[in-house]
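Below is one structure; the comments refer to it alone.
The values are calculated or read from the model by the stated rules, or taken from the named source; none is laboratory data. Quick caveat, the model's predicted, so the values are computed rather than measured. Because the Cβ atoms are built from the backbone with ideal geometry, glycine has one as well, and the counts that use them run over all protein chains shown. Note: areas computed on protein heavy atoms with side chains; ligands, DNA, RNA excluded. Shrake-Rupley method; radii C 1.70, N 1.55, O 1.52, S 1.80 Å.
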Amino acid sequence: MAAASIPITSLPWHHSVSLPSPTTSITVNNDRYFSNHPTILLIKQCSNSKQLKQIHAQMLRNGLFSDPFSASTLVSAFSMSSFQGVDYAHKLFDQIPKPNIYTWNVLIRAYSSSQVPVQSLLIFTRMLYRCDQVLPNKFTYPFVIKAAAELLDMRVGEVLHGMAVKMSLGSDVFILNSLIHFYASCGCLDSAYRVFLNIPVRDVVSWNTIITGFAQGDRPDEAIELFREMQTSLKPDKVTMMSVLTACTKKLDLEIGRWVHSNIERNGIGGSLNLNNALLDMYTKCGSLEDAKKLFNKMPEKDIVSWTTMIVGYAKSGNYITARKHFDTMPNQDIAAWNALISAYEQNGNPKEALAIFNELQVSNEPKPDAVTFVSTLSACAQVGAIYMGGWIHGYIKKHGVKLSCHLITSLIDMYSKCGDLNKALEVFYSVDDKDVFIWSAMVAGLAMHGHGRDAIDLFKKMQEVNVKPNAVTFTNLLCACSHTGLVEEGRDFFKKMQPVYGVVPGVKHYACMVDMLGRAGHLDEAIELIKAMPMPPLASVWGALLGACKLHGNVEVAEQASSHLLELEPWNHGAYVLMSNIYAKSGKWDKVAMLRKRMKYIGLKKEPGCSSIEVDASFHEFVVGDNTHPQSKRIYAKLNEISEKLKSMGYEPNRSQVLQCVEEEDMQEQALHLHSEKLAIAFGLISLKQAQPIRIMKNLRVCGDCHNVAKLISKLYNKEIFLRDRYRFHHFKAGDCSCKDYW
Ligand code: ZN
Ligand code: ZN
């Protein structure tokens, strides 16, 4: 090549090697005079930014940098490098006096997949501003459109679409593919589909993009339909199959999943690790552990994802023993495997086992727990109320300098709140400077749970002052706070402002909170009107809230409607039957009570036994109604008798009518009422804890009126603080009063 003989050093500093005019630049770079120059060839061999910077220095010395192609190659190398060289590339770019279209495109492309895709658009506008030099071409549009997709900026994307059409690029398949991706990312699947239909000759990417769009956009049926259609004209590839599997997993349709699996084998594209993992995920989620196991055993290569998918699959189906066996046979039990096991137990209703595994990890001393381990374990602590273990983890985090991410702080606040130590939760909350919306929301929830509705609202206001935008979770917690404290005016006001002021669309949870709040406060009509006005079908939680309100206000007619809706959605909801039979009992309709009991017996509904647990010196003690299995049983009953005598001398009489009003415990005998599990736990707490230690009890059902009264009296009589977490909220008994102010 003639260019190679040009002496580089003799090139002037700001020369212009025949700058291509806009008309000739609408292709890729064509001024490659120095493409075989040794320095340029060297660029391609660089493996780190230090080497690239050395070459940059060399190019400045020998003048090569002022050649557009050579400079572009360097910009390109920096921007494509894995070592975050985009900003450096940008600086280089700014030094090139008249960059060619190739260089512009390189930078636009690099930014479109960086952390700051907006830069891509800014450079594009700069390019338009200098349209006397270059014009965007068909290589520019796919990447600016990608940037618009990253930013979910509908308007910008539409403008770009229009510009491309005006530049007669409207039938370019790369641009059209990027438009499908853009519209699908913004949630406009119909627009994406229209673009797809208008592509004259569709390639595999066109099909993959539209199928992925539908699969990820919660329209799995259309994704699968398109996949069938695609096969009449084109052979699918791995990407297609990954998307179709996502669709199957969303549909939870095992049959179609199996069909896709056979399709993969028929097309000879199986065998890759990613695809096999996606198949495993599909099989475990669609409920066929058999298929998953068969595939797993056949897989030539397995990674941590394959193993953990199986563990989670077994745990989800309640097969904990196999989950554990699977874990034990893993070749390499790194921390990710432990985390999978812990979170599998924690998220599938077995938090105690999750804690046991965490203990085992501690004892084994290797590997070391990480932030993910702590988040799962703290959540398990919150579920069982294990405040000692939770506090120990907090100490460990501090001692070992584990980085406190927002996620971890949220978990700590949640754990302390749910374990009954609101002050500790507040302490953690105020110790952090940079709080994200989840941290704020967790603290609002903590205050709500403990009946501090006003404080929760104040905190919400503070959150606004520091410009943290509330989200759907914040509002659920805030409305819950209003509901628990009976702040109806405030609750109505927040609910009304949610969408117009804060841009949060009320979801079904928010409606359930509102129905609960209005119902409790006796505004049954308003609650019913709200349900009628719901834009989505009401879920069981909404009817449950209405039913609970009817129980409180003795409205049989509305209760019957609410319970029939509730049982339609959840035929096995034991609580609904008990609530309804209590409502009948309260209004003297004994025939209906008998009828309900008969029906419960007929369909084989068993009541969940009331169970209370208390943590003493880091170990758990559980009690059920009338329990006498505890090793200290004798002392516990002696204490109960003592309490009973003292209470009688204070003029207390067990409230027999409470038996009928028990929300979830339907025992009809005074004896049973006397021996509700929380009373046993309180008695045990009194004999085994030091005077200064509060009693913290977790109960699986709602506390009954009699136990609530007794707890209040005990807190005064024995000068003892009692925290009782029932299924719905916290009761903090102190000096004869409860934090719920008898509103629960
Ligand atoms: Zn009770
Ligand atoms: Zn209370």
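Descriptive notes on the structure:
- Restricting attention to the range 550-562, the residues that are of a type in the set (Gly, Ala, Ser) and buried (at least 23 other Cβ atoms within 10 Å of the Cβ) total 2.
- Number of the condition not met by Gly349 [criteria: (1) of a type outside the set (A, V, I, L, M, F, W, C); (2) touching a helix residue (DSSP H, G or I) at 6+ places or on another chain (Cβ under 7 Å); (3) not in a helix (DSSP H, G or I)]: (2)
- Contact map, the range 728-744: first residue in a strand (DSSP E or B), second residue open to solvent by 50 Å² or more (accessible area, probe 1.4 Å) and more than 9 Å from ligand 2 (Cβ to nearest atom), Cβ cut-off under 9 Å, separation 6 or more or different chains; pairs are Phe730/Lys418; His732/Glu721; Phe733/Lys716; Phe733/Glu721; Lys734/Lys716; Lys734/Glu721; Asp737/Lys716.
- Flag if Gln671 is modelled with pLDDT under 70 and within 15 Å of ligand 2 (Cβ to nearest atom): no
- Within the range 68-121, considering residues that are open to solvent by 70 Å² or more (accessible area, probe 1.4 Å) and hydroxyl-bearing (Ser, Thr, Tyr), the one modelled with the lowest pLDDT: Ser82
- Output for the range 361-404, where each listed residue is touching a helix residue (DSSP H, G or I) at 6+ places or on another chain (Cβ under 9 Å) and acidic (Asp, Glu): Asp370
- Some residue of the range 708-719 being within 20 Å of Ala448 (Cβ to Cβ), near ligand 2 (Cβ under 10 Å from one of its atoms) and touching a residue at least 40 places away in the same chain (Cβ under 8 Å): no
- One residue from Gly349, Gly287 being at pLDDT below 90 and under 23 Å from Glu265 (Cβ atoms): Gly287
- Within the range 209-235, the set of residues being open to solvent by 10 Å² or more (accessible area, probe 1.4 Å), over 26 Å from the mean Cα position of the chain (by Cα) and closer than 20 Å to Ser272 by Cβ comprises Gln231, Leu234, Lys235.
- Looking at Phe358, Phe374, Phe327, just one residue is closer than 23 Å to Glu290 by Cα and either modelled with pLDDT of 90 or more or in contact with an Asp or Glu (Cβ under 8 Å, 6 or more places away or on another chain) (or both), and that residue is Phe327.
The rows are residues; the columns are (1) without any contact (Cβ under 8 Å) to a residue 24 or more places away in the chain; (2) closer than 21 Å to Pro236 by Cα; (3) in contact with a helix residue (DSSP H, G or I) (Cβ under 6 Å, 6 or more places away or on another chain).
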site	(1), (2), (3)
Ser120	no, no, yes
Leu135	no, no, no
Val144	no, no, yes
Gly187	no, no, no
Ile211	no, yes, yes
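- Residue count for the range 517-572 satisfying the condition of being in a loop (DSSP other than H, G, I, E, B) and hydroxyl-bearing (Ser, Thr, Tyr): 0.
- Cβ pairs under 9 Å, 6+ apart, first in the range 219-231 and part of a helix (DSSP H, G or I), second among the acidic types (Asp, Glu) and surrounded by fewer than 22 Cβ atoms within 10 Å (Cβ to Cβ): Pro220/Asp253; Ile224/Asp253
- Scanning the range 723-734 for residues that are more than 10 Å from ligand 2 (Cβ to nearest atom) and in contact with an Asp or Glu (Cβ under 9 Å, 6 or more places away or on another chain) gives Phe723, Arg727, Lys734.
- So Asp334, is it free of Cβ contacts under 8 Å to residues at least 40 places away in the same chain, open to solvent by less than 50 Å² (accessible area, probe 1.4 Å) and charged (D, E, K, R): no
- Failed item, numbered, when Tyr388 is tested on (1) without any contact (Cβ under 8 Å) to a residue 60 or more places away in the chain; (2) surrounded by fewer than 19 Cβ atoms within 10 Å (Cβ to Cβ): (1)
- Scanning the range 395-419 for residues that are β-branched (Val, Ile, Thr), within 24 Å of Tyr728 (Cα to Cα) and open to solvent by 10 Å² or more (accessible area, probe 1.4 Å) turns up just one, Thr410.
- Pair list, Cβ under 7 Å, 6 or more apart: the range 591-608 residue in a loop (DSSP other than H, G, I, E, B), other residue surrounded by fewer than 13 Cβ atoms within 10 Å (Cβ to Cβ): Leu605/Trp572
- Selection status of Leu660, away from ligand 2 (no atom under 14 Å from the Cβ), at pLDDT below 90, under 25 Å from Tyr577 (Cα atoms) and open to solvent by less than 40 Å² (accessible area, probe 1.4 Å): no
- Top-ranked residue in the range 693-722 [being more than 16 Å from ligand 1 (Cβ to nearest atom) and not polar (S, T, N, Q); ranked as least open to solvent (accessible area, probe 1.4 Å)]: Lys720
- Residue match in the range 205-228 (condition: among the basic types (Lys, Arg) and under 20 Å from Leu280 (Cβ atoms)): no
- Helices (runs of 4 or more DSSP H) fully within the range 365-437 counting 2 or more residues that are polar (S, T, N, Q): 371-384, 406-418
- The range 678-707 - residue that is within 19 Å of Ala386 (Cα to Cα) and basic (Lys, Arg) and, of those, nearest to ligand 2 (Cβ to nearest atom): Lys699
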